[in-house]
1. How high is the FRET efficiency between residue 19 and residue 132 when r is their beta carbon distance and R₀ equals 22 Å, given to the nearest 0.05?
2. At 1.4 Å probe size, put 309, 106 in order of accessible surface, largest to smallest.
3. In what order, largest first, do 179, 92 sit by accessible area if the probe radius is 1.4 Å?
4. Once the mean 1/r over all distinct Cα pairs of region 109-212 is inverted, what Kirkwood radius in angstroms do you read off?
5. If I model a spin label as a point 7 Å beyond the Cα along the Cα-Cβ vector, how far apart are those points for residue 405 and residue 268 in nm?
6. For the chain, what is the mean residue ellipticity at 222 nm derived from helices alone (per DSSP H run of n ≥ 4: -39500 (n - 2.57); sum divided by total residues; nearest 500 deg cm²/dmol)?
7. Please check which bits of region 18-60 a label hung off residue 248 would reach, taking the label as a point 7 Å along Cα-to-C-beta and the cut-off as backbone N under 17 Å.
8. In this model, which of 182/261; 82/123; 378/439; 207/261 are farther than 19 Å apart at the alpha-carbon?
Amino acid sequence: YVAAVYEHQSILSPNPTALVDRQSALELMGRNLDIYEQQVVAAAGQGAQIIVFPEDGIHGFNFTRRSIYPYLDLVLHLQSVKWNPCREPYLFNDTEVLQRLSCMALENKIFLVANLGTKQPCKHIDPHCPSDGRYQFNTNVVFNDYGTLVATYRKHNLYFEYAFDAPPQADYILFDTPFAGKFGVFTCFDILFFEPAVNLVRQYNVKQVVYPAAWMNQLPLLSAVEFQQAFATAFNINILAANIHHPTLGMTGSGIYTPVKSFIYHNMESYGGKLIVAEIPVITPDYKTNLEKVPCRVSEKRNEESSPLFYAEMMYDNFTFVPVQENKGELKVCANTLCCYLNYQRPVLTDELYALGVFDGLHTVHGTYYVQACALVKCGGLHFSTCGQEVTNATALIDFQLWANMSTPYIFPLLLTSGITLDFADHMGWKNDHYFISKNRTSSGLLTAALYGRWYEKD
């Protein structure tokens, strides 16, 4: 099927905390919706059957609970509503944004996924009802090619979004399409947690996911395109990921991902939006990829040279590192119960410092979650203290095999190359109770090769 995602540079409110009336809010959102409409027409013109827009793309961000109120549409989250806002605009008040999105889907005969702020009145007998008598949700809406609202998903894992409420229970939302079967839906930060993202994919055997995001990149392990691809690879699914484009805030990185190929956009230099359109295979539950468990050389002989251990902060966590200094060798580094092993060869020794790092613990900055990570990273300079810094370019081509005795089955294989481009491992999988990833010669200089494990039970 043909899918489209649009990385949108939103027109933002100059003062998001100011209180404005509904009319002013609609004017600002209308300017973003005008751009959406152009992109829907362009995508449909290229044969796209579904288009995904980013989180916060219509209204922007940094609101307070009160200041966002005029920007909210009324959405009743009922599984049974089959409402067409374009054809029946009179059914509910405060649904102007929904009406425009619905008409775009209808006029262009395309499935459309967008993110907006929604409100839902509640009564004080509801124990979860906020004191102002309404819920405010960060919501994804899905319209079919007739403009009918077929799904709404309320973001569960809020990322410092004080204007919004998390729903009392996690939503498990699926919608059906004639061209690719079932799709699952979740938003941005949700991708790092078991509920609802991982549970949805596993429990409902979801093979395609639509994913609006407003993701701030964090190298070396959580760049948007890097983690989106890792998620698609780990679960053997397709992901249609639309991110917002605000390079000054570190926000860029969208793509259409299959387990074996990615069509991505990552651009921190220039401004403006970007439409990605790609034809991808429908993954059915028995679809096989070349990422099956392939035997590997997990060497039983352990003659790793004892390199000097050092400690450095990476992604706000205290990693234990060993330097990768020779043109080939075997290394080992451990923390808590986790041991990481690296077998590597550098055909050409470049003037760049690499290090093998390990972290096994609770990550507590910008969210709390338990991580088991083994990472081969390029350091920022030639001094050990620069390891863990954000680096975007590298020249070293490295053959490697990386493996670890991970305690969780949820492992996201990261492979990031120079210029924030992506590569795919040759082999990955479990062998002798270790998870491994191997690559013969990356396509360009290696930035990060990592096993990013999430131990959800220990969150």
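1. 0.95
2. I get 309, 106, largest accessible area first.
3. Correct descending sequence by accessible area is 92, 179.
4. 14.5 Å
5. It is 3.7 nm.
6. -4000 deg cm²/dmol
7. Residues 60 qualify, since their backbone N sits under 17 Å from the label point.
8. 182/261; 82/123
The values are calculated or read from the model by the stated rules, or taken from the named source; none is laboratory data. It should be emphasised that the depicted structure is a prediction, and the values quoted were computed from it without experimental measurement. We place every Cβ from the backbone using ideal geometry, glycine too, and count neighbours over all the protein chains shown. Areas reflect the complete protein model, heavy atoms only, side chains present, ligands, DNA and RNA absent. Shrake-Rupley method; radii C 1.70, N 1.55, O 1.52, S 1.80 Å.
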